1. Are there any strands (runs of 3 or more DSSP E) wholly within region 37-81 with 3 or more residues that are surrounded by fewer than 11 Cβ atoms within 10 Å (Cβ to Cβ), and if so which?
2. Can you tell me which condition E40 does not meet? The list is (1) in contact with a Ser or Thr (Cβ under 7 Å, 6 or more places away or on another chain); (2) touching a residue at least 24 places away in the same chain (Cβ under 8 Å); (3) not hydroxyl-bearing (S, T, Y), and all the others hold.
Amino acid sequence: MKKLFIAFGVLAMIGATSCKKEYTCECTATVTDDTGNKAESKTTTTIKDSKKKAKDSCESGSKAKVTDGMGNTSETKCVLK
């Protein structure tokens with residue numbers, strides 16, 4: 001009986017840790033001025049969670065294209081790698 005509890009405990013620990021993994025979130029911010037010149041910057045972040053939660057967290061960093069009053073646009077796209 002004691003061996004059964006030990007085996008169950010080991011399996012429970014393995015099951016609990018295998019759900020959360022490290023994922024890389026890569027965000028690219030693009031700024032385009034009114035003449036069409038582009039500037040890009042990339043950032044990466046490590047997220048340790050389930051794949052679905054990591055994807056949701058990463059994609060929440062995305063920002064839709066915005067144009068200011070001077071014709072400059074900015075946009076950020078984040079994807080889970």
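Any read-out appearing in this document is the output of simple, stated calculations on the displayed coordinates, not a laboratory observation. Computed from a prediction, not measured in an experiment: that's the story for all the values here. Glycine also receives a Cβ, built like all others from the backbone with ideal geometry; neighbour counts cover every protein chain displayed.
1. Details: elements: 38-49, 63-67, 73-80.
Fully inside region 37-81 and qualifying: 38-49.
2. Looking at each condition in turn, E40 falls short on (2).
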